[in-house]
Amino acid sequence: MMTETSTKNIGLRGVTVADSKVSLVDGDNGRLIYRGYAIRELADHTSFAEIVYLLLMGRLPSAGELEVTKKALADAWNLPPEILAMLEVRPKTARPMDVLQSCAAALADFDPDLDKDDRGARVRSALRLIGRMAMCAAAWYNIRQGRAVGSVEGANSHSEAFLRALTGRVPSDDEVRLTDIMLVLHAEHTLNASTFAVREVASTKAHLYACVAAGIGALSGSLHGGANARVMEMLEQIGSLENVEPWVQKRIEAGQRVMGLGHAVYKTEDPRATILRAVAEQTLAGTAQEHWFRLSLEVERVSRRLLKEKRGLDLYPNVDFYSGGVLRALGLPNDFFPVFFAVSRVAGWSAHYIEEDFAEAQPKAVIYRPKANYVGRDCGPQGCRYIPLESRGAGCPGGKEFEGCDEKTAMEE
């Protein structure tokens, strides 16, 4: 009889499940690489459309290839009217990530390449989905507030189109560049929970839309895509610079986390946080949203000092620590932070889907089938003795079957 729970490789931490050429996260040295290129180089010099091509095709595009990519994204900005009609009848209280997940699944109905089994068709589907995901997010942002979706006419980039659809106005150059950098930084991050979900579903030969819907489901969890929203909630609780030290001190003394500090993989500072801190300081200076950035800086400074003094921990900020303030500066409410994440990450998810689908980096395609360590009841080779319904006793008292009834009361031994 198994009675001990194995803690080895819980959550698949440290277990290699696939070969990949898409990205590298070097946690020990604080490096993030997309297809061989350091994230700093990409954030400084590329647009999101270039990153889309790089992730999907494995190299940076030529000028002509970039124009083709931009046109493919732009062709997807106008959503099928059936998708808009579906959004119109959703309850306005629906969670944005749930709405986005349903959009990802429903968009499969409008893809002429869905049943084609070649790489070119997969790439066209990915470009279509990347373009439409942003518009689905912008549409729901407005529909739930009873407003019309902004026009994308005249937009020169995917980031500008997203902001126009979202806000109903022409964004500034700084807003477009800030959005583009945010999309670049969040586009890919190897086999985290949502990307693993995409690849696991892809291993069954499900289509792209089913795989991305699974990824969105994983990203909707508070331990994954919701982290930057919780950072923003923390900043809202603190409120002002003078409240930082007492708030952080109380938090640490209670043994609680300071949101946005530390990372599951990076042992040094998350390189995306380094980039985002500098970009935010430059673009938010003198704006009404600069307060959130200054507050983040002070929380980082105080938290790192106190964690070192009181717990001996040297924790660095991750990308979520600064992305919350930036997304607030772009006008997004907290519950839309993970949506922005998904609008970007669909590029990386699509690259992993294609890689898994065609077994590009592996000898052959194999359906994922991990093992579990069974630690439940074991009555021997024949199993537990079946007890007829009329002989099983009273069960849980007072109709509390689904309220955590004690197992010894509920089951016959």
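The values are calculated or read from the model by the stated rules, or taken from the named source; none is laboratory data. Because the structure is predicted, anything quoted here is derived from the model rather than measured. Every residue, glycine among them, receives a Cβ derived from its backbone with ideal geometry; neighbour counts consider all protein chains shown. These accessible areas exclude ligands, DNA and RNA; they are computed on the full protein's heavy atoms, side chains included. Shrake-Rupley method; radii C 1.70, N 1.55, O 1.52, S 1.80 Å.
Of all alpha-carbon pairs in the chain, indicate the percentage at a distance above 32 angstrom.
43
How about segment 110-207: which GluC sites (Glu not before Pro) there lie in a loop by DSSP and see at most 15 other Cβ atoms within 10 Å?
Those satisfying the criteria are GLU153.
Among the aspartates and glutamates, select those whose C-alpha is under 16 Å from the C-alpha of LYS308, and discard any that sit fewer than 8 residues away in the same chain.
Those aspartates and glutamates meeting the cut-off are GLU245, GLU253, GLU269, GLU298, GLU300.
Please identify every one of the trypsin sites (Lys or Arg not before Pro) in segment 189-256 that sits in a loop by DSSP and has no more than 13 other beta carbons within 10 Å of its own beta carbon.
Here the trypsin sites (Lys or Arg not before Pro) that fit, given the DSSP loop and packing criteria, are LYS205.
Within 12 Å, Cβ to Cβ, of ARG164, how many net charges do the neighbouring residues add up to if Lys/Arg are +1 and Asp/Glu are -1?
Taking every Cβ under 12 Å from that of ARG164, the sum is -2.
Taking the Cα centre of segment 202-340 as origin, sum charge times position over the Cβ atoms of Lys and Arg (+1) and Asp and Glu (-1), and report the length of that vector in debye to the nearest 20.
400
With an 8 Å cut-off on Cα pairs and a minimum separation of 6 or more residues, tell me the relative contact order of segment 166-230 in percent.
25
Quick check on my link table: of LYS92/LYS400; LYS21/LYS371; LYS250/LYS310, which ones sit more than 23 Å apart, alpha carbon to alpha carbon?
LYS92/LYS400; LYS21/LYS371
Quick one: accessible area per residue over the chain, 1.4 Å probe, rounded to a whole number of Å²?
Counting only protein heavy atoms, the per-residue value for the chain is 49 Å².
Please give me the summed charge of the neighbours of ARG95: other residues whose Cβ is under 14 Å from its Cβ, Lys and Arg +1, Asp and Glu -1.
Here the count lands on +1.
Quick test of your reading: applying the under-4.7 Å Cβ rule, which cysteines of the chain are isolated?
CYS211
Can you send over the carbon and sulfur percentage of the accessible area for segment 132-199, probe radius 1.4 Å, protein chains only?
49
Summarise the accessible area of segment 201-358 (1.4 Å probe, protein heavy atoms) by the percent that is carbon and sulfur.
52
Are there trypsin sites (Lys or Arg not before Pro) in segment 24-120 that DSSP puts in a loop and that have at most 14 other Cβ atoms within 10 Å, and which ones?
Counting only loop positions with at most 14 other Cβ atoms within 10 Å, the trypsin sites (Lys or Arg not before Pro) in segment 24-120 are ARG59, LYS92, LYS116.
What ranking, highest mean first, results for peptides 123-131, 20-28 when packing means the other Cβ atoms within 10 Å averaged over each residue?
Highest to lowest by the protection proxy: 123-131, 20-28.
Most fluctuating residue of ALA227, ALA206, ALA139 in a GNM of the chain with Cα springs under 10 Å: which is it?
So, out of ALA227, ALA206, ALA139, the one fluctuating most is ALA206.
Whose amide H sits under 5 Å from the amide H of ARG31, counting only residues 5 or more places off or on another chain, with H placed in the peptide plane?
ASP26
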